[in-house]
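A.B. asks: Just passing along the structure, written as structure tokens.
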Amino acid sequence: MPEETPGGRGKTIQSVESALAVVEVIRRKERAGVTEIANELDRSKSTVHHYVTTLVKQDYLEKVDGEYQLSLRFLTLGGQVREREQLYHLGKDDVDKLAQETGEQARLIVERNGSGITLYQATGNHVTEPITHVGSIEALYCTAAGKVFLAELSEEELDSYLDSVSITPYTENTITDADKLREELDKIQDRGVAFDDEERYEGYRCVASAISTEERELFGALSVSAPIDRMDEERFRTDIPNQLQNVAGVVEINTTYSEWTDVL
């Protein structure tokens, strides 16, 4: 049955929303059974079974050992979406360069609907198990790249964001006080880089810098992450920030962007 969405943005189809809710539960948990999905969504097991059966039939889910996981169909869709993103083409070489120079995990991150999404990432020779993957979705308030995006917001936009998000402590270092977060964002505007000091992943530090035009139009963020045992205070506060800001693509994106769009 179609339902009117809040704000008069048009009608939605409840069954489609329910199917997408099932997909989202499986995305978060990586693999889940019917009972677990039903409990998460407060729906009957028979109803959930109908949805997962349909999604398997349409090749969006796979059944493995009695549980369901996303199929490679989503990789096809995601790859197509990423190819149309100009920032992917503009920034991936910078990410590769950062990973090679630092030996760590480097990422290209964009903001969509109040979250940070990893558009591309590369790993250096020190990394054996990356903490994120392409497509990872993260809260803005507890990540270095996310703070880059928040620092660019107006006071009104930041107020709206803080009113809409539930600030959850992922670690004991997560900044959960709105005033302290505002102070941190003011510092980012002054120094040009943002820090995540074990705020999202325990044992990991991350530094990020904006990718923007000369007119300060923000496209995305570049970040470098590493375990704390490889990211001492000097490397965290000085060396990595300098490497980030020295990457040509960070400061010359305006010229590159013009050249790339001219050939479209």
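A.B. asks: Taking the criterion of being over 11 Å from Ala144 (Cβ atoms), surrounded by fewer than 24 Cβ atoms within 10 Å (Cβ to Cβ), modelled with pLDDT under 90 and not charged (D, E, K, R), would at least one residue in the stretch 215-224 satisfy it? Outline the logic, then answer.
C.D. replies: Going residue by residue through the stretch 215-224, those that are over 11 Å from Ala144 (Cβ atoms) are 215-220.
If we keep only those that are surrounded by fewer than 24 Cβ atoms within 10 Å (Cβ to Cβ) too, we end up with 215-219.
Remaining after also requiring modelled with pLDDT under 90: 215-219.
Narrowing further to those that are not charged (D, E, K, R): 218-219.
For the stretch 215-224, residues over 11 Å from Ala144 (Cβ atoms), surrounded by fewer than 24 Cβ atoms within 10 Å (Cβ to Cβ), modelled with pLDDT under 90 and not charged (D, E, K, R): present.
A.B. asks: When the residues of the stretch 227-249 are narrowed to those that are more than 24 Å from Lys92 (Cβ to Cβ) and among the β-branched types (Val, Ile, Thr), which ends up nearest to the chain's Cα centre (by Cα)?
C.D. replies: Among them, the one singled out is Ile228.
A.B. asks: It is to be established whether one or more residues within the stretch 115-123 are outside any strand (DSSP E or B) and out of contact with any Lys or Arg (no Cβ under 7 Å at 6 or more places or on another chain). Full working, then the answer.
C.D. replies: Quick first cut of the stretch 115-123, residues outside any strand (DSSP E or B) only: none.
No, there is no match, as no residue in the stretch 115-123 is outside any strand (DSSP E or B) and out of contact with any Lys or Arg (no Cβ under 7 Å at 6 or more places or on another chain).
A.B. asks: Of the residues Leu75, Leu108, Leu55, which is touching a strand residue (DSSP E or B) at 6+ places or on another chain (Cβ under 9 Å) and in a helix (DSSP H, G or I)?
C.D. replies: Details: Leu75 fails: touching a strand residue (DSSP E or B) at 6+ places or on another chain (Cβ under 9 Å); Leu108 fails: in a helix (DSSP H, G or I).
Exactly one residue qualifies, and that residue is Leu55.
A.B. asks: Exposed (fewer than 13 other Cβ atoms within 10 Å of the Cβ) and under 26 Å from Thr132 (Cα atoms): does that describe Glu30? Before you say what the answer is, go through the steps one by one.
C.D. replies: Working: exposed (fewer than 13 other Cβ atoms within 10 Å of the Cβ): yes; under 26 Å from Thr132 (Cα atoms): yes.
Yes, satisfied.
A.B. asks: I've got another one for you. Just need a number here: residues in the stretch 127-162 that are in contact with a strand residue (DSSP E or B) (Cβ under 8 Å, 6 or more places away or on another chain), among the aliphatic types (A, V, I, L, M) and surrounded by 15 or more Cβ atoms within 10 Å (Cβ to Cβ). Reasoning before the result, please.
C.D. replies: Filtering the stretch 127-162 down to residues in contact with a strand residue (DSSP E or B) (Cβ under 8 Å, 6 or more places away or on another chain) leaves 127, 130-140, 142-149, 151-152.
Next, from what is left, pick out any that are among the aliphatic types (A, V, I, L, M): 127, 131, 134, 137, 139-140, 144-145, 148, 151.
Keeping just the survivors that are surrounded by 15 or more Cβ atoms within 10 Å (Cβ to Cβ) gives 127, 131, 134, 139-140, 144-145, 148, 151.
Selection size over the stretch 127-162: 9.
A.B. asks: Considering only residues that are assigned to a helix (DSSP H, G or I), under 19 Å from the mean Cα position of the chain (by Cα) and without any contact (Cβ under 8 Å) to a residue 40 or more places away in the chain, which ones fall in the stretch 147-191?
C.D. replies: Correct list: Leu150, Leu158, Leu162, Leu185.
A.B. asks: Output the residues belonging to the stretch 30-52 that are outside any helix (DSSP H, G or I) and of a type outside the set (A, V, I, L, M). Walk me through it before giving the result.
C.D. replies: So in the stretch 30-52, the residues outside any helix (DSSP H, G or I) come out as 30-33, 42-44.
Matches in the stretch 30-52: Glu30, Arg31, Gly33, Asp42, Arg43, Ser44.
A.B. asks: Quick test of your reading of the structure: Gln189 fulfils all but one of (1) touching a His at 6+ places or on another chain (Cβ under 8 Å); (2) farther than 23 Å from His133 by Cα. Name the failing condition by number.
C.D. replies: Exception for Gln189: condition (1).
A.B. asks: What is the one condition in (1) of a type outside the set (Ser, Thr, Tyr); (2) touching a helix residue (DSSP H, G or I) at 6+ places or on another chain (Cβ under 9 Å); (3) surrounded by fewer than 20 Cβ atoms within 10 Å (Cβ to Cβ); (4) at pLDDT below 95 that Leu90 does not satisfy?
C.D. replies: (3)
A.B. asks: On to the next question. Condition check: in a helix (DSSP H, G or I), β-branched (Val, Ile, Thr) and either under 30 Å from Asp239 (Cβ atoms) or in the same structural domain as Met231 (by TED's automatic domain parsing) (or both). Does Val95 satisfy that?
C.D. replies: Criteria met by Val95.
The values are calculated or read from the model by the stated rules, or taken from the named source; none is laboratory data. All values reported here derive from a predicted model rather than from experimental measurement. All Cβ positions, even for glycine, are placed from backbone atoms using ideal geometry, and neighbour counts span all protein chains on display.
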